[in-house]
Each structure stands twice: as C-alpha cells, then as structure tokens.
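First up is the structure itself, then whatever we jot down about it.
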Amino acid sequence: MNKQIKGFSKLSKNGKIEWIAETFFDSPSKVVDFVKSYWHTNPELQKLHDDFSENTITNYYIPFGIAPNFLINGKDYCIPMAIEESSVVAAAAKSANFWLSRGGFKTTVLSTTKIGHVHFMYKGDGEKLKTFFKELIPVFYKNTLSITRNMQERGGGILDIQLKDKTAEEPNYYQIEAKFETCDSMGANFINSVLEEFAKTLREEIFNSDLFTDEEKDITVVMCILSNYTPECIVRTEVSCKVEELEDPKHEMPAQKFAEKFIQAIRIAEIEPYRATTHNKGIFNGIDSVVIATGNDFRAVEACGHAYAARNGKYSSLSHAKIEDGVFTFWIDIPMALGTVGGLTKLHPMVKFSLEMLGNPGAKELMEITATVGLAQNFGAIRSLVTSGIQKGHMKMHLLNILNQLGATDEEKEKIKEHFVSHVVSHSAVVDLFCKMRGIKNESKVAKD
C-alpha cells in the first residue's frame, strides 16, 4: 500500500485523520474515535488550538502542575509548571518550602539585551566597507523608524549597530550585529523585521554610492535573523543561609557535611561535562515547565542556556555554590529571553490563566520567576543525590505510572502504595507484588489480563 500523499495540508481535519487511520492502522474506526476523544468539547476553543500550528488533528495533553510557597524577593508566588516527568513539580515545591523559612529566593535581572544579525557576503575592500558603515548607522535608525516607533514609546528599540568582520573564519563573510531592548515581548518578529530593513538599506546605499566598484556592489545577503543566544539577557537568582540552618533531621547528616558535599557535587558539574549535561538538564526540568506554561519558547531558552554553559570553551554547570564566613550560597546566572505580550500570551487560555496566577508579571519578573524554579529544582536534585540518592524519591513518584501501566484498580493502588512506604520501589518489585495480589505468575500475563 502506498503510504505517501500529495496535498495532505489541503485535506480537511477529518480527511487527515481518516487518511492516517486507514493508511497506518489496522482498526481505522477505533483510531478515528481515539484521536477525536482528545478534542475539546468547546468547538470554538478547539478551533483556536487547531490554528496554533499546521496539519493539526488533535490535542496532546501535558500535566499542568502547581508548585506553591515560592518566596521570591519577598513576594509569594504559586507557580504553574507544565511537565510530564515524575518528581519535578514535587522537588520544586519541596525546595520552595525549604527556603521559605530561610529568606526565600533573591533575584536580579542583570540585563535584557537581545541580539540579531544580517549575515552577508562582500568581496571588496574591507576597510572601505568599515568606513562607509560608520556613516550608514544613522540611516539604519532612520529607515527603521516605522518599525521601531511603538517599541521606542514603550522604552525599547535598537540599542547598538555594529559591523562584524568574520573573514578570518569564512572568506568574504560579514555581519551587521544589532542589539535590542524589546521590553515585555520576546521580540522575535520585531527584531527580524528590523534586520530585513537593515539588509535592504545596506544593499541600496552601497549600490547608490560612488565609493564602490561594480564588483563590490554585488553584495549577497545570506539571511537576516535574531539569535536565540542572548548572553547579555541575564537573570541571577540565589538562596543563602548560615550553614547550620541547612540541618534537616530527615537526612541524618550534619549541616556542615551536607553543605560541603553539596558544593563538591556542584564543583564536579563545573569541571565534568558528562555530569554537567545531566545537571543542567535538571535545571531545565524546572525552567522549561514554567516557560511552556506561560506560552514561551522552551526550545530557544534551552538552546541559549546550553550555549551559555559552554561559553568558556567547555560545557559546564549553570549553577554554583560556596561557603563564605559560615554562610552557604547557591546561585545561578542564566540567559533567558521571555515575553508576556505577543505570541500565545493572549491566545492560549491556559497561558492567560498562568500569567494571571503569577500576578500578570512583566518580562523581567517572569525571567526571575522562571530562573528561580530552575534553581529550586536543581537544589532538590542535588540534595537528594548527596543524601538519600536520587532513585528513592524518583521511583516513589514513578510508582503511580507503573501501576497505571499495569491497569491496577484504585484498591490495588492503595495497598501497593502502602506497602512501598517501607520498601524500596523498583519496577520489578512493583510488578511482582501486583502479580502476587492478582494471583498471576508473570508480567506477560498482566498485559493480557
């Protein structure tokens, strides 16, 4: 059977579903019913979701959790987290509770500058181009005024324009590098529109200038695009307390030993890329969940954060810790470009709900909130690693997933959860107990039950 199709995007929504069901599945009618079971009961709301992307056939649900009791700069927050991974929300909430009585989290936005480039090829005299470019800068500002006026009225706009000579790395390659302030918007469309106008201005001004030969006027603009690497859009969040205040009776470890072991774990992540990758992934467990819940681009935030982690030529930890004068401090500096206007912020109902629950923050405040959840998640993970071990808590949170996979009843779930209060959770141990309760011999029979 031919499994290729032309004009798929032109099919109706039902037509797309029917083609997929009939082409790739043995029971088409069941597939159609299953796909439609995830549609929203409100047709208008479903249409809104359909329009967010292309070739949409249904919705894909991600759990929307809440982490309460975050004290950030003296203000209480209840933070939305959209994530499917077990234990992430619990760990963030537990960390928030731990630091609630120790002064909470302190945050500062160090800068909010974003960057974009016009990438172009020029075969002429580089010094001539550099001299001409300096004279061209006022023209760039003038020719983009229709685009930047509204942003300027909100306190943003173009901050700087420079010519970058990259010919040592690639023959004839130059950049116009521009820096921007985009206020409460992430600013991608704004930045890209300005850059395209820069490219147009550059071509026209050089073409009309008598300084350049015909060959030099043959400029090739390769592309105009913002960069998701924003090393000058930085937020810092930290927690600190006296070392003795880290004491936790549950861990049966003296506070001083815990602090030293914690700092050693961070140091390992600073020097060992294999550990740093997993370490930073945990930070983004927290960050991504808030970014998704607030309608921002988690892929851009992650790409930026990982590039920043390698900014010194070696991939390293994004978080750091120290003890000075008997005070334990744990902090993170991380680049993060977020917005609270534009994009999905006014369209997606759950995004609107999330932002309202956070008190309708501006972009800077949302940066602070999001980075804080990343630090809280990292604190919870490191605390588990250096005390009881990561699997004890994680597997207990994963227990419900295992029971759901096995098809356990509510009564069976309660009995099994009670058993594992005092026993180590593992997949095989859960299956063995489940089979024993049902009077069956092995997991293959469970699947058939």
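Derivation of every value follows stated rules applied to the coordinates shown; laboratory data play no part. These numbers were taken from a predicted model, which means no experiment stands behind them. Glycine also receives a Cβ, built like all others from the backbone with ideal geometry; neighbour counts cover every protein chain displayed.
Over all pairs of different C-alpha atoms in segment 8-50, the reciprocal of the mean inverse distance, the Kirkwood hydrodynamic radius, equals 11.1 Å. Less than 12 Å from a label point 7 Å out along the Cα-to-Cβ axis of V139: which backbone N atoms in segment 195-227 qualify, by residue? Flagged as within label range: 198-212.
As an equivalent ellipsoid, segment 247-366 spans semi-axes of 32, 19, 12 angstrom, where each value is the square root of five times an eigenvalue of the C-alpha gyration tensor, largest first. If you take the Cα centroid of segment 107-157 and the Cα centroid of segment 194-228, the two points sit 13 Å apart. Extending 7 Å from the Cα toward the beta-carbon at both D76 and L433 defines two label points whose distance is 3.6 nm. The lysine pair count for segment 114-226, using Cα distances under 15 Å and pairs eight or more places apart or on different chains, is 14. Of the GluC sites (Glu not before Pro) found in segment 228-277, those that fall in a DSSP loop while having at most 16 other beta-carbon atoms within 10 Å are E232, E247, E252. Extension gain for L385 to T329 (0.36 nm times residue separation, less C-alpha to C-alpha distance): 18.3 nm.
For a straight C-alpha distance cut-off of 20 angstrom, the lysines reachable from K75 (same-chain residues fewer than eight places away being disregarded) are K94, K106, K364.
As a ratio to 2.2 N^0.38 Å, the alpha-carbon radius of gyration computed for segment 114-226 takes the value 1.06. Among the GluC sites (Glu not before Pro) in segment 104-189, those placed in a DSSP loop whose Cβ has at most 10 other Cβ atoms within 10 Å are E169.
Explain nothing, just the number: relative contact order of the chain, from Cα pairs under 8 Å at least 6 residues apart, as a whole percent.
Dividing the mean separation by the residue count of the chain yields 17 percent.
If you plug the beta carbon distance of L110 and R203 into 1/(1 + (r/R0)^6) with R0 = 41 Å, you get a FRET efficiency near 0.65. Estimated from the Cβ-Cβ distance and a Förster radius of 35 angstrom, the FRET efficiency linking K128 and S193 is about 0.75.
Subtract the Cα-Cα distance of K166 and L11 from 0.36 nm times their separation in residues, and report this length gain in nm to one decimal.
Full-extension gain reported as 51.2 nm.
Taking the chain as a Gaussian network, where each spring joins two C-alpha atoms under 10 Å apart, which residue of I234, I382, I147 fluctuates the most? Its mean-square fluctuation being the largest, the pick is I147. The fraction of Cα-Cα pairs per 10 angstrom bin, counted from 0 for segment 329-387, comes to 20, 41, 26, 12, 1 percent, rounded to whole percents. Placing unit charges on each Cβ (+1 for Lys and Arg, -1 for Asp and Glu) gives segment 213-285 a dipole about its Cα centre, and among I283, C233, I219 the Cα reaching farthest toward its positive end belongs to I283. One decimal place: the segment N2-N312 gains 106.5 nm when fully extended, by the rule 0.36 nm per residue minus the C-alpha distance.
Between the exposed loop cleavage positions of the chain, defined as trypsin sites (Lys or Arg not before Pro) in a non-H, G, I, E, B DSSP state with at most 11 neighbouring beta-carbon atoms within 10 angstrom, the longest gap is 7-440.
When both bridge partners sit in the chain, DSSP labels roughly 95% of those beta bridges antiparallel. Shown here is the pair-distance distribution of the chain: with all Cα-Cα distances grouped in 10 Å bins from zero up to the longest one, the shares run 4, 16, 21, 22, 20, 11, 5, 2, 0, 0 percent.
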